[in-house]
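Data block below; observations after.
Any read-out appearing in this document is the output of simple, stated calculations on the displayed coordinates, not a laboratory observation. These numbers were taken from a predicted model, which means no experiment stands behind them. When we count neighbours, we look across all protein chains shown, and the Cβ atoms used for this are built from the backbone with ideal geometry, even at glycine.
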Amino acid sequence: MSETPILFIHGLMSSSQGIKAVMLRGLFPHILIPNFEGALDERMAQLAPILADGSDWTIIGSSMGGLMGAIFACQHPQQVQKLILLAPALIWPDFADHPPAPISTPTIVYHGRRDTVVPLEPVRVLCERVFTNLTFHAVDDDHRLLETVQVINWPSLLNRGAV
C-alpha cells in the first residue's frame with residue numbers, strides 16, 4: 001500500500017528550504033516540497049503539472065502557499081483528500097473578491113491572533129464561506145506560526161500514526 005501523497009507549498013518569501021519545509025521533510029521524507037517563484041498566476045502554473053495526474057493529495061500551504069492550495073482544492077476537489085492551511089493569504093483579491101463555490105474537502109486552518117500580515121477575521125469569514133468541512137484554530141502566534149507548527153501533532157493531523 002503506497003502512502004497518500006503530501007505536498008507542502010511555501011509562502012511568498014520562503015522556499016523549499018524554509019523552517020516549515022525542513023521540519024515537514026524530517027517528519028515525512030516522501031513529502032513533495034517544490035520551489036515556487038513569481039506572481040500568483042505563475043506559481044499556479046508551476047503547481048498544475050505537479051498535481052495534474054495525482055489524487056488523494058494532502059496539501060499543506062503556508063500564507064501564499066495556503067492561498068495556492070485553497071485555489072487548487074476549490075478547482076479540483078476530487079484530487080484533494082485534505083487541506084491544511086497555515087495563515088493562508090485568502091484575502092488576496094483573486095480569492096477574496098470572487099470566492100469560489102463551497103467545497104467539502106476536510107480543511108484545517110491554523111491562524112495566529114497576532115498575525116499583522118494576513119488579518120485573522122477576514123480569513124475566518126472566507127474559510128467559513130468556502131470550506132464546509134472546516135476546523136479553524138485561532139492560535140496565540142504571529143503570521144509565521146513558528147511556535148504553533150512545532151507543537152502540532154503532524155502524524156495525527158495527517159492520519160499517519162506515529163513516526
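Once you've got the GNM for the chain with C-alpha springs shorter than 10 Å, pick whichever of T116, T132, T58 has the biggest mean-square fluctuation.
T116
Picking from V117, V80, V130, which is most flexible by a Gaussian network model of the chain using Cα springs under 10 Å?
Residue with maximal mean-square fluctuation among V117, V80, V130: V117.
Using only the Cα atoms of the range 75-163, what semi-axes does the equivalent ellipsoid have when each is the square root of 5 times a gyration tensor eigenvalue? Give whole Å, largest first. Could the numbers behind the result be given before it?
On the way: eigenvalues 89, 73, 17 Å².
Over the Cα atoms of the range 75-163, the ellipsoid semi-axes are 21, 19, 9 Å.
Taking the inverse of the average 1/r across all pairs of different Cα atoms in the range 1-47, what Kirkwood radius in Å do you get?
When all Cα pairs of the range 1-47 are included, the Kirkwood radius is 11.4 Å.
What does the chain give for Rg and for Dmax, in Å, if only its C-alpha atoms count?
14.3, 43
Fewest Cβ neighbours within 10 Å first, please rank M68, M44 accordingly.
Details: M68 27, M44 17.
If I rank by nearby Cβ atoms, fewest first, I get M44, M68.
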